[in-house]
Structures are given as structure tokens and as C-alpha cells.
Amino acid sequence: TGLKGQILVVDGDREFRREMEEMVLSAGYQCDKAKNAVEATSYLQLSKYQLVIVDLVIPKGDGWQVMRQALRRFPGIKVVIIVRNNEQGRQAMRMGAFSFLIRPINQEQLRTCVLSAMKLQYQACKVLLRGDPCNRSCVNHFLWPGDKGAEPEIEYINTPLDNFDKGLR
């Protein structure tokens with residue numbers, strides 16, 4: 001297919017895609033670039049990526065569509081979405097994004113985010129692996145002030161460190 005990367009970059013700005021490719025190559029990874037949602041969807045059908053970096057505002061669709069398709073097709077894939085404000089970022093996190101960045105992008109934050117996403121290994125959600133829709137069971141604790149919904153109950157277990165704090169008092 002000619003697709004070679006572990007990372008898919010989706011952005012309508014040609015210069016930004018080129019800068020992203022240079023940054024990804026300098027970090028030791030390969031990337032494929034899509035200029036719109038239709039192209040990104042085709043790439044996601046042809047190749048398996050470890051990370052998708054997608055701008056929320058792209059031609060022929062939007063970043064939400066690309067993110068949903070990537071998460072549905074590849075449970076465990078990491079998606080970094082580029083948004084315009086914190087509210088969009090919180091929404092992306094609630095929808096399953098690995099992280100978000102706010103435009104204008106700080107190159108060092110972008111590099112750190114990409115390296116973290118590529119190096120962090122975690123087990124894919126068992127709910128998604130079964131093919132069931134996400135029920136947010138693994139991230140319900142990830143709430144911000146003002147989010148609707150009750151704080152989940154947390155089950156605490158005793159560990160050898162439980163008494164460590166008491167010894168310091």
C-alpha cells in the first residue's frame with residue numbers, strides 16, 4: 001500500500017504536516033500524512049497505527065469523525081487531538097482521546113506528547129476488545145468540576161505503604 005508509519009498525522013495545513021513529519025522522524029518513528037478526513041479514513045482502513053494525531057478542524061469532515069473511527073477500528077490506539085480550547089480538550093478526553101493539544105502548538109509539548117504516547121504501553125480496554133460500545137467504566141474517575149455525573153466509588157485496598165504515612169506524623 002505504500003503506507004509505512006506507526007503514526008498518522010491528519011491536518012489540512014501542508015506546512016504543519018511537514019513539520020510533524022520532521023519531528024516524528026527525528027524521534028525515530030515513521031509517519032503517514034493525511035490532508036483531510038476522507039484520506040485519513042482510507043489510511044485507517046489500510047494500515048494499523050499506534051498513534052493518530054488529528055486536528056479538530058480538517059477538510060471534508062472533522063477530527064471527531066477520525067478519532068471515533070480510529071478508536072472503533074483499533075481498540076487501544078492512542079489519539080492526540082488538536083483543539084482550540086480546553087472545553088474541546090475535555091470533551092476529547094471523555095470520548096477516549098489519549099491527550100489533546102491546544103493551537104497554537106508548542107513544539108516541545110507536541111514532542112513530549114508523541115514520545116509519551118509511543119512509549120506508554122497499556123492494555124486495551126476489555127469492553128472495546130469485546131466489540132461493545134464504550135461505557136466509560138475505565139475512565140469515569142476522569143471528571144472535571146462542572147462535569148455531569150456522580151463521582152464514582154473508589155475501592156481502596158491495603159498495601160504495605162498504608163502505614164508509611166502514619167510513621168511520619
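The values are calculated or read from the model by the stated rules, or taken from the named source; none is laboratory data. Here the structure is a predicted model, which means the values were calculated and not measured. Neighbour counts run over all protein chains shown; Cβ positions are idealised from the backbone, glycine included. When the accessible area is computed, the model is the full protein with side chains, heavy atoms only, and any ligands, DNA or RNA have been set aside. Shrake-Rupley method; radii C 1.70, N 1.55, O 1.52, S 1.80 Å.
Modelled spin labels at Lys119 and Phe16, positioned 7 Å past Cα toward Cβ, are 2.6 nm from each other.
Applying both filters, DSSP loop and at most 13 other Cβ atoms within 10 Å, to the trypsin sites (Lys or Arg not before Pro) of segment 1-58 gives Lys4, Lys48. If R0 is taken as 25 Å, the Cβ-Cβ distance between Val38 and Arg84 corresponds to a FRET efficiency of 0.70. For the pair Leu46 and Gln6, the difference between a 0.36 nm per residue extended length and the Cα-Cα distance amounts to 13.2 nm.
A simple spin-label model places the labels of Gln109 and Ser26 1.8 nm from each other, with each point 7 Å out along Cα-to-Cβ.
Roughly to the nearest percent, how much of the accessible area of segment 1-109 is carbon and sulfur, given a 1.4 Å probe? Heavy-atom surface of segment 1-109 belonging to carbon and sulfur, 1.4 Å probe: 46 percent.
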